[in-house]
Amino acid sequence: MADLEALVNAFTGLGVDEKSLIENLGKSHPEHRTSFRKRTPHFFIEDERSFERWNDHRVKLLKHEFMRFKNTLVLWAMHPWERDARLVKEALKKGPQSYGVIVEIACTRSSEELLGARKAYHSLFDHSIEEDVATHIHGSERKLLVALVSAYRYEGPKVKEDAAKSEAKILANAIKNGDKKNPIEDEEVVRILATRSKPHLKAVYKHYKEVSGKNIHEDLDASDLILKETVECLCTPHAYFSKVLDEAMSSDAHKNTKKGLTRVIVTRADVDMKEIKEEYNNLFGVSLSKKIEDKANGNYKDFLLTLITRDN
């Protein structure tokens, strides 16, 4: 089948290439489709009755890919407060593997934006974000997450360097002694991360390296993922968003990880996409536009590219 490669490409990646499917599959004859099924064993399985049926797992994945463009449009049209409230609700439903989304929203929004998301959550779900986070999360991260979603940080430029140095030492000691007490459960660690302004925390981040010789997130291992993501979101948000985008476009990414591509681009397109694109290029040596061109398909790809190339 001459157009087999085009069909495989149309079905592979993030989103689907609708135009290619119409041109190649829509106009195909029965023998063409038979050839396509026989020559794509990763899509179809030949059963004991000798006919090729869809691989159920592949069908489930394709449903997600067909939905990407619609879901992106719906999220883009939403009020930002509603969008964040719904993202938090979804993360709570999905469980621990999605709690990083709650960290992302709590730590990368302004105080007014986070307050707006909390108001929207009241209206949508008749509960508070704080209440649902406290009710649904039972692990060691609960105290920190409740504090983060409850925060209303000072947003002025003033930083007390002596306090920042002192708190860098507190964090360093808590992480160093993590084998005795999980730093995510340390009240002083929670206080610093949940109440201090972002300029202050960036000063803490700088002084931490002077104290420890490494950046905070470098001293945290995989078991401290929520704490690590909290530090990255508060202190180096553009690097954090760049990593989420790159992981989402990995060929073996989990479906929840893939959602990060839509989420970050839709939520940051009006905010700091220029800085994210610059940081992405610095970290990975390729432009974000080029990576999306290579990894995404169809209307989904076109819409993402439209969002990241518009003027902020």
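The values are calculated or read from the model by the stated rules, or taken from the named source; none is laboratory data. Quantities reported herein were computed from a predicted structural model and do not represent experimental measurements. Here the Cβ is made from the backbone with ideal geometry for all residues, glycine too, and neighbour counts use every protein chain on show. Surface accessibility is based on the protein's heavy atoms, side chains included, excluding ligands, DNA and RNA. Shrake-Rupley method; radii C 1.70, N 1.55, O 1.52, S 1.80 Å.
Quick notes
- Taking region 194-249 and the helices (runs of 4 or more DSSP H) fully enclosed by it, the elements with 3 or more residues that are touching a His at 6+ places or on another chain (Cβ under 8 Å) and of a type outside the set (Ser, Thr, Tyr) are at 225-235.
- Scanning region 128-183 for residues that are surrounded by 14 or more Cβ atoms within 10 Å (Cβ to Cβ) and among the basic types (Lys, Arg) yields Arg142, Lys143, Arg153, Lys165, Lys169.
- If you go through region 114-125 and keep only what is closer than 15 Å to Tyr154 by Cβ and either touching a residue at least 40 places away in the same chain (Cβ under 8 Å) or open to solvent by 20 Å² or more (accessible area, probe 1.4 Å) (or both), you end up with just Leu115.
- Filter result for His57 (within 24 Å of Tyr300 (Cβ to Cβ) and without any contact (Cβ under 8 Å) to a residue 12 or more places away in the chain): yes
- Residue match in region 263-272 (condition: open to solvent by 80 Å² or more (accessible area, probe 1.4 Å) and out of contact with any Phe, Trp or Tyr (no Cβ under 9 Å at 6 or more places or on another chain)): yes
- Qualifying residue in region 192-202 (condition: surrounded by fewer than 14 Cβ atoms within 10 Å (Cβ to Cβ), of a type in the set (Ser, Thr, Tyr) and at pLDDT 95 or above): no
- Taken as a whole, the condition of being surrounded by 14 or more Cβ atoms within 10 Å (Cβ to Cβ) and at pLDDT 90 or above does not apply to Ser20.
- Hits in region 77-95 (condition: open to solvent by 70 Å² or more (accessible area, probe 1.4 Å) and touching a His at 6+ places or on another chain (Cβ under 9 Å)): Lys93
- Single unsatisfied condition, Met1 versus (1) in a helix (DSSP H, G or I); (2) surrounded by 14 or more Cβ atoms within 10 Å (Cβ to Cβ); (3) modelled with pLDDT under 85: (1)
- Only one entry in Glu90, Glu104, Glu113 is touching a Phe, Trp or Tyr at 6+ places or on another chain (Cβ under 9 Å) and under 23 Å from Thr257 (Cβ atoms), namely Glu104.
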